[in-house]
């Protein structure tokens, strides 16, 4: 959706060059910029719309991806509606209204983007893509948002950039001398690609277990985690979910780095994981101490030869573009405030959705509503 100032039906932002500097590109003036069009960004935009804000004049969504779908469009092909944890409805439009949920083998990378695209169309959300935000700087009463296309000037910011662009691989001695293949969850495609290889799966989260289950059906695997995994029987209740969110929320309100939700909830032992356990795939080993040319070595000298190391070690929030705003504490955390801990305490004009307690899809919905209401009220737009 290119910026088109000639379209009277869709007011475009005005150019701002109030600094008077001739070496700076004029910036399009908008009240609120939303960065990212995943679950959190679309939820935020929906609520800004419902608060009466005008698209492209009061608010605009900048999205890095070429198509609708957020990070879902990049997920591995074997992740289907039957294996995905859950796809939560966006506010105002049910997933089942767009996608046949009974078709369990439909790829999540197809189904969810189709839903998001339909959602953007139904509510005429002003998503401008593909546009990559490079840096955000404080310019007094406004933020200057520089992208790989235009530059924007905004009074408020809702950051919903997610984590997909920031995969995390811990630094272990010897990683650079390993002669096999190393990859991250983000790079995974199919288990069949590892046929005949011994695959070391590192990590204890939901994605790690899903990929371990798939790969162990095809070839030899070894599973290692830093902490002893906590499996649980029975259904995951709403009370369990609230307790997990509360624990993460407490951390970010104190300015700590968000913890893993799985570390609070444990791992639900699904029928698929029970089958994996029965065939020995869940025989977990503690974390190794170093990587060798042919595999890994533990502190007691035990070694294991492997061909592939699959790092299912999660992601970090993609916030590098906000670095000039200096919102992080010395420990790397961000002190969050507001009703649902979406507001940056150091600067109430900035809201982070999809961060900390709102990193889940259901949490992102609630966070989007809170961020939209609190930011518009703070800016006097409500």
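The values are calculated or read from the model by the stated rules, or taken from the named source; none is laboratory data. All values derive from a computational prediction rather than experimental measurement. Note that we place each Cβ from the backbone using ideal geometry, even for glycine, and neighbour counts take in every protein chain shown.
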**Prompt:** What tally of residues in segment 169-191 results from selecting those that are in contact with a strand residue (DSSP E or B) (Cβ under 6 Å, 6 or more places away or on another chain), within 15 Å of residue 312 (Cβ to Cβ) and assigned to a loop (DSSP other than H, G, I, E, B)?
**Reply:** 2
**Item:** Pair list, Cβ under 7 Å, 6 or more apart: segment 221-233 residue farther than 26 Å from residue 195 by Cα, other residue assigned to a loop (DSSP other than H, G, I, E, B) and modelled with pLDDT under 95
**Value:** 227/204; 229/204; 230/266; 231/266; 231/269; 232/266; 232/269; 233/269
**Request:** Answer yes or no as to whether residue 218 is touching a strand residue (DSSP E or B) at 6+ places or on another chain (Cβ under 6 Å), at pLDDT 95 or above and surrounded by fewer than 22 Cβ atoms within 10 Å (Cβ to Cβ).
**Result:** no
**Message:** What's the total number of residues in segment 344-364 that are within 18 Å of residue 59 (Cα to Cα), buried (at least 22 other Cβ atoms within 10 Å of the Cβ) and touching a helix residue (DSSP H, G or I) at 6+ places or on another chain (Cβ under 6 Å)?
**Reply:** 2
**Message:** Considering only residues that are in contact with a strand residue (DSSP E or B) (Cβ under 9 Å, 6 or more places away or on another chain) and over 16 Å from residue 40 (Cβ atoms), which ones fall in segment 322-352?
**Reply:** 323, 324, 325, 326, 327, 335, 337, 345, 347, 348, 349
**Prompt:** With 255, 301, 295 as the choices, which residue is within 23 Å of the chain's Cα centre (by Cα) and not assigned by TED's automatic domain parsing to the domain that holds residue 364?
**Reply:** 255
**Of all residues in segment 221-253 being part of a loop (DSSP other than H, G, I, E, B) and surrounded by 14 or more Cβ atoms within 10 Å (Cβ to Cβ), the one that is modelled with the highest pLDDT** = 229
**Asked** Of all residues in segment 107-131 being in contact with a strand residue (DSSP E or B) (Cβ under 6 Å, 6 or more places away or on another chain) and assigned to a loop (DSSP other than H, G, I, E, B), which is nearest to residue 53 (Cα to Cα)?
**Response** 126
**Request:** Scan segment 150-172 and give yes if some residue there is in contact with a helix residue (DSSP H, G or I) (Cβ under 9 Å, 6 or more places away or on another chain), free of Cβ contacts under 8 Å to residues at least 40 places away in the same chain and surrounded by 16 or more Cβ atoms within 10 Å (Cβ to Cβ), otherwise no.
**Result:** no
**Item:** Yes/no for residue 321 being part of a helix (DSSP H, G or I) and surrounded by 15 or more Cβ atoms within 10 Å (Cβ to Cβ)
**Value:** yes
**Complete:** With the first residue restricted to segment 113-124 and required to be without any contact (Cβ under 8 Å) to a residue 60 or more places away in the chain and not assigned by TED's automatic domain parsing to the domain that holds residue 38, and the second required to be surrounded by 21 or more Cβ atoms within 10 Å (Cβ to Cβ) and in a loop (DSSP other than H, G, I, E, B), Cβ contacts under 8 Å at 6 or more apart or on different chains are none
